[in-house]
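> Attaching a single structure in structure tokens format; questions to follow.
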Amino acid sequence: MLNRRGTLKLGAAGGVALALPAERLVSAALGNAPTAQPFSVPLPIPPVLSPVYSDRSTDYYELSVRPGVAEILPGVQTNVITYNGSFPGPTIKARRGRAVKVAVTNRLQTPSAVHLHGGIVPQDSDGHPLDVIQPGKHRVYHYPNDQRAATLWYHDHAHHLEAEQIYKGLCGLYLIEDRKDAPSLPKGQFDIPLMFRDIALDDKGQLLWAIFDGQRRNTVLVNGVPQPVLKVRRRKYRLRLVNTSNERMFSFRLSNGGEFVQVATDGGLMARPVRRTEISLWPAERVEVVVDFSKQRGGTKIMLTNANGGDVASTSQIMQFEVIDGIRRDAPDNDDSEVPPKLSVLPAIGAPVMMTRKVVLSFDAKNMVFLINGKPYDPHRIDYTVKRGSTEIWEVTNADPDPIPHSLHVHVVQFRVLDRNGKAVEPWEAYPKDTVSIPAGETVRLLIRFDAPYTGVFPFHCHFVDHSSVAMMAQMRIVA
Ligand SMILES: [Cu+2]
């Protein structure tokens with residue numbers, strides 16, 4: 001279907017072939033190929049990984065980091081890098097209080113490190129940028145899962161390589177579940193992960209990679225394919241929205257003006273549900289919502305749109321929900337799920353604040369490098385020494401002019417966002433969070449309790465990974 005001169009030949013009735021310019025390839029392939037109409041490819045669900053072994057306390061998994069191919073566009077084999085051949089990687093389902101050990105083998109030509117984003121894990125399992133798996137080697141990561149149930153994700157974190165390696169496919173979901181947590185929420189086949197990421201494709205349907213290339217990444221994938229459709233019953237669904245993009249910020253809406261009932265944020269359930277009609281989701285953030293399709297008629301099509309996506313369909317019309325008839329025609333499905341008015345009891349704030357720090361994020365345009373507190377990342381330098389068990393306030397400022405956005409992700413904690421430019425934040429971004437958005441010129445204050453039982457060196461960084469892999473990272477040593 002694709003020829004060497006960078007044009008796409010489309011077989012048309014009567015044997016006429018049309019040649020289109022290369023830059024129109026993606027929209028052409030989506031708009032013209034009979035199997036590639038927008039909202040015709042069913043939403044893929046990443047496979048759930050089975051443990052290779054389980055004992056009384058622990059489930060053991062195996063992952064291999066290796067090159068693979070993905071069918072991002074129908075009929076086109078795109079070279080990617082994968083965990084276990086899957087794009088995105090397989091989902092690991094863990095249970096609170098039950099440990100997971102993952103043996104990872106690196107079959108790439110480059111080093112790789114696995115970071116469990118949002119995980120409370122020992123230092124030697126955190127995937128520090130220098131603590132990598134060399135090509136041909138393997139190591140075992142230990143995840144205690146001694147933390148609240150939450151939608152976490154794992155991804156590459158190798159020094160200077162994470163932006164490219166995440167972009168090309170090295171990410172997957174890691175769900176910690178707790179049967180005691182709001183058991184009435186929709187579950188099983190009605191609990192759906194939606195992993196978003198943007199990519200740029202060349203005229204052969206292959207990934208284009210360049211750092212700071214956000215403008216060109218104009219194909220938005222959901223679970224690995226552009227503009228999929230999810231057929232939904234007339235009932236409630238729990239949707240887990242995960243932004244795995246390097247740099248793209250989404251602002252999601254439902255095309256019928258419908259509501260998202262948000263139940264969870266980065267670190268798990270919130271105290272109470274919050275009704276929203278627009279959800280902003282920056283790189284690495286997670287939001288869990290319940291959407292109720294029970295009042296819709298069979299055949300109704302509702303689009304998940306991105307208000308930040310401009311006029312381009314591939315970045316503004318993200319996916320479609322198509323409502324199918326209930327078991328009884330014209331009647332909603334039986335649905336005993338519900339969103340309880342109280343979701344969770346959040347832990348108390350804890351000890352008095354022992355330290356206040358200022359964290360300044362800025363771009364050095366002359367040297368094309370991103371800085372924290374005026375310095376590029378040095379993996380051998382300790383930026384902060386933090387006492388285990390202590391509580392600190394971090395005042396984080398994006399010192400750059402519009403429109404350079406940054407965020408801050410702190411390893412091994414879930415923090416509270418106290419305020420933004422001096423104003424208290426909305427409940428959905430108050431707690432529990434591990435990544436906070438910081439638009440140009442803004443300042444957020446974080447209350448961080450270092451309550452993990454682990455000591456050692458842990459990074460904190462901007463989670464625009466094109467920034468972090470060009471030095472917008474620093475690290476703290478947690479001491480006993
Ligand atoms: Cu940044």
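The values are calculated or read from the model by the stated rules, or taken from the named source; none is laboratory data. From a predicted model like this one, the values you see are computed outputs, not experimental measurements. Neighbour counts are summed over all protein chains in view; Cβ atoms, including those assigned to glycine, are modelled from backbone coordinates with ideal geometry. Each accessible area value is taken on the protein alone, full model and side chains, heavy atoms only, with ligands, DNA and RNA left out. Shrake-Rupley method; radii C 1.70, N 1.55, O 1.52, S 1.80 Å.
> Pull out the extension gain between residue 79 and residue 184, defined as 0.36 nm times the separation in residues minus the alpha carbon to alpha carbon distance; nm, one decimal. Write out the running numbers ahead of the final one.
Values: separation 105, 0.36 × 105 = 37.80 nm, distance 4.11 nm.
Between residue 79 and residue 184, full extension yields 33.7 nm more.
> Here's something else I'd like to know. Could you name the lysines in cross-link range of residue 231, using Cα to Cα under 20 Å and dropping any fewer than eight places away on the same chain?
Within reach: 187, 295, 301.
> Further, regarding this structure: Compute the FRET efficiency between residue 369 and residue 423 as 1/(1 + (r/R0)^6), taking r as their Cβ-Cβ distance and R0 = 35 Å, and round to the nearest 0.05. All intermediate terms of the calculation are to be shown ahead of the outcome.
Details: r = 32 Å, r/R0 = 0.91.
Taking R0 as 35 Å, the efficiency between residue 369 and residue 423 is 0.65.
> With charges only on Cβ, +1 for K and R and -1 for D and E, what is the dipole size of the chain about its Cα centre, in debye, rounded to 20? Could you put the intermediate results ahead of the total?
Values: 56 positive and 49 negative charges, 155 e Å.
Dipole about the Cα centre, nearest 20: 740 debye.
> Using the Cα centre of the chain as origin and beta-carbon charges of +1 (Lys, Arg) and -1 (Asp, Glu), tell me which of 324, 100, 432 is placed farthest towards the positive end of the dipole.
Of the candidates, 324 comes out farthest on the positive side.
> For residue 236, give me every one of the aspartates and glutamates with a C-alpha distance below 15 angstrom, ignoring sequence neighbours fewer than eight places off in its own chain.
Hits, sequence-local ones excluded: 191, 259, 288, 292, 322, 325, 333, 335, 336, 338.
> Can you pull the percent of the chain's accessible area that's carbon plus sulfur, 1.4 Å probe, other chains left in place? Can you show the working numbers first?
Values: 10090 of 19840 Å².
Carbon and sulfur together cover 51 percent of it.
> Next up: For the chain, build the charge dipole from Cβ charges (+1 Lys, Arg; -1 Asp, Glu) around the Cα centre, then report which of 221, 341, 256 sits farthest towards its positive end.
341
> Please turn the phi angles of the range 86-101 into ³J(HN,Hα) values with the Karplus equation 6.51 cos²θ - 1.76 cosθ + 1.60 (θ = phi - 60°), one per residue in order, whole Hz, x for glycine and proline.
Values, residue by residue: 9, 10, x, x, x, 8, 9, 9, 10, 10, 4, x, 10, 6, 10, 10 Hz.
> Expressed as a whole number of Å, what is the distance separating the alpha-carbon centroids of the range 400-419 and the range 82-161?
Answer, in whole Å: 22.
> Follow-up. Set the Förster distance to 60 Å, then compute FRET efficiency between residue 334 and residue 380 from the Cβ-Cβ distance, nearest 0.05.
Working: r = 60 Å, r/R0 = 1.00.
FRET efficiency, residue 334 to residue 380: 0.50.
> Turning to a different aspect of this structure: Grab the beta carbon distance between residue 130 and residue 45, set R0 = 25 Å, and tell me the FRET efficiency rounded to 0.05. Don't jump to the answer; show the numbers that get you there.
On the way: r = 35 Å, r/R0 = 1.39.
Once rounded, the FRET efficiency stands at 0.10.
> Mind checking the full-extension length gain between residue 251 and residue 53? Use 0.36 nm per residue of separation minus the Cα-Cα distance, one decimal, nm. Working shown, then result.
Numbers: separation 198, 0.36 × 198 = 71.28 nm, distance 4.09 nm.
Result: 67.2 nm gained on full extension.
> Let me ask something else about it. Multiply the residue separation of residue 66 and residue 216 by 0.36 nm, subtract the distance between their alpha-carbon atoms, and state the gained length in nm to one decimal. Working shown, then result.
Values: separation 150, 0.36 × 150 = 54.00 nm, distance 2.57 nm.
Taking residue 66 through residue 216 to full extension adds about 51.4 nm, to one decimal.
> Starting at the first residue of the range 181-197, write each ³J(HN,Hα) from the Karplus equation 6.51 cos²θ - 1.76 cosθ + 1.60 with θ = phi - 60°, in whole Hz, x for Gly and Pro.
7, 5, x, 7, 5, x, 9, x, 5, 9, 10, 10, x, 10, 9, 9, 7
> If amide H atoms are built 1.01 Å from N in the plane of the peptide, which residues on other chains or at least 5 residues away come under 5 Å of the amide H of residue 294?
Here the answer is 235, since their amide H atoms fall under 5 Å of that of residue 294.
> Calculate for the chain the 222 nm mean residue ellipticity that helices alone would give, adding -39,500 (n - 2.57) per DSSP H run of length 4 or more and normalising by residue count, nearest 500 deg cm²/dmol.
Numbers: 4 runs with 22 residues, N = 480.
Result for the chain, helices only: -1000 deg cm²/dmol.
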